[in-house]
Each structure stands twice: as structure tokens, then as C-alpha cells.
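The structure appears below as C-alpha cells.
The values are calculated or read from the model by the stated rules, or taken from the named source; none is laboratory data. The structure displayed is predicted, hence computed values, not measured ones. For neighbour counting, all protein chains shown are included, and Cβ atoms are generated from backbone atoms with ideal geometry for every residue, glycine included. Surface areas here come from the heavy atoms of the whole protein model, side chains and all, with no ligands, DNA or RNA. Shrake-Rupley method; radii C 1.70, N 1.55, O 1.52, S 1.80 Å.
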Amino acid sequence: MTSPSPSADEPVYQDRVYRSPMAIVGGVLMLALILWLCGDAVLRGEDAAPWFGAAAALFAVPLTVAFTLRPAVYANADRLRVRNPFRTVELPWASVDALRSSYSVEALSGGAKYQLWAVPVSLRDRKKAARAQARQAGAAGGTADPHAVHAPPPRAQADRTVDELRELAERGAGRPGAQGSPRVRWAYEVIAPALAGAVLLIVLLVTR
């Protein structure tokens, strides 16, 4: 994506943050359930039950956080930062070839494809938007006044987010701070405890 080089005096605004509210609510509820069940096993269990409870919590809590609370997308004038369950990808706008929304929202860069977990695609939302567009088109067709102002056609939430990101990419690709290559960092703070919990569970099952 290319755009004219912006002036040096162009203001830089803080990041736009995109997250899934439903994922956050679901994650909080799942964490509460896991902590309740595992905590009860640790505090009241007998024999190896406390160890199983601790191992299960060590395994399940990081994975729950990874898939529900962790995913987020941060976008500013210079770059797109995608925080997925197990890694964080930083994409300067000049390195982004395209943004697309099909069954998932994806950023394409140099032959690589990065999924935006925090922006889920809802087919139901799309069908609802399509029905609203059809109703709006029918109403506009029956309007006698050629100068009547019509509201923009409704779009699904994921598609609106992609439109916003594309606009940021087109405006920011020429900025000096938007140059560079994608950078990937693995989320070892999530991977390590989950692996430790899995190993502890296997050891407990084998030595029962």
C-alpha cells in the first residue's frame, strides 16, 4: 500500500484498540469457573487431588487467557500491532500489502498471512447487514427526490474494522515511522506455564 508522504508536522494520535467484548466476558467467566474448581481441589482435596488441581490450573489458566483476554489489535499512524494467543506481530504500514475479511480478518505482508484473532467475523452479522442494505436499497429506489440524502449502507462490525484499518494503512504507509519489516515475538509468558502444567499433569497421571 502506498500513499503520499505526510508532512513532518502531522499529529500522531494514540493507538486505536480493537478487542472482542464477548471473548473478554467469556474468558472472565471461564477463569472464575477454573479457579473455583481447581481451588476447591487444592484446598479440600485428598491424596493427589490438590496436585491435580494445581496442575490443571497451571495448564488451563494461561490457555484461557491466551484465547479470550489476550487477543487485541492496536493501530496507530505508523503501524499495526496484532496480539494473538501465542505471539505478537508488529507490522509497519509500509510492510502491509493488504487487509482482507473473509471467514477471518487477515493482514498480508510479503507472502505471509497474519490472522487478527481480536476481530472475529460473524456470518450472522453479515447476513443482518445484507438484509439491512437490501431494505435500504428498496427504500432509496422508491424515493422520488433525486437530491435526497441517504445514510451509508450498514456493514458488519468486522468489515467496518477492516475499512478503518485500510484507511490507516493508506494514510500511514508513506510516513518515515511506518517503514520496516514485520517483527514477531512469541508469548513465552503464556506458552511456558501451559507447558509446565501439561507436563505436571502427565507425570501425575503416569505415577498414579
Tally, over the range 153-186, of residues that are hydrophobic (A, V, I, L, M, F, W, C), in a helix (DSSP H, G or I) and more than 20 Å from Ala118 (Cβ to Cβ) = 1
Enumerated strands (runs of 3 or more DSSP E) restricted to the range 74-128, each holding at least 2 residues that are under 26 Å from Ile191 (Cβ atoms) and of a type outside the set (S, T, N, Q) = 79-83, 87-92, 105-109, 112-115
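Can you give me the number of residues within the range 101-127 that are within 12 Å of the chain's Cα centre (by Cα) and either open to solvent by less than 30 Å² (accessible area, probe 1.4 Å) or touching a residue at least 40 places away in the same chain (Cβ under 8 Å) (or both)?
10
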Can you spot a residue in the range 35-56 that is assigned to a strand (DSSP E or B), at pLDDT 95 or above and surrounded by fewer than 16 Cβ atoms within 10 Å (Cβ to Cβ)?
-> no
Pick from Val17, Val25: which is surrounded by fewer than 16 Cβ atoms within 10 Å (Cβ to Cβ), under 30 Å from Leu168 (Cα atoms) and over 13 Å from the mean Cα position of the chain (by Cα)?
-> Val25
From the list Arg87, Arg79, pick out the single residue that is of a type in the set (Lys, Arg) and either crowded, with 19+ Cβ neighbours inside 10 Å or over 25 Å from Gln14 (Cα atoms) (or both).
-> Arg79
Does the range 164-200 hold any residues that are within 18 Å of Arg79 (Cβ to Cβ) and charged (D, E, K, R), and which are they?
-> Glu164, Arg166, Glu167, Glu170, Arg171, Arg175, Arg183, Arg185
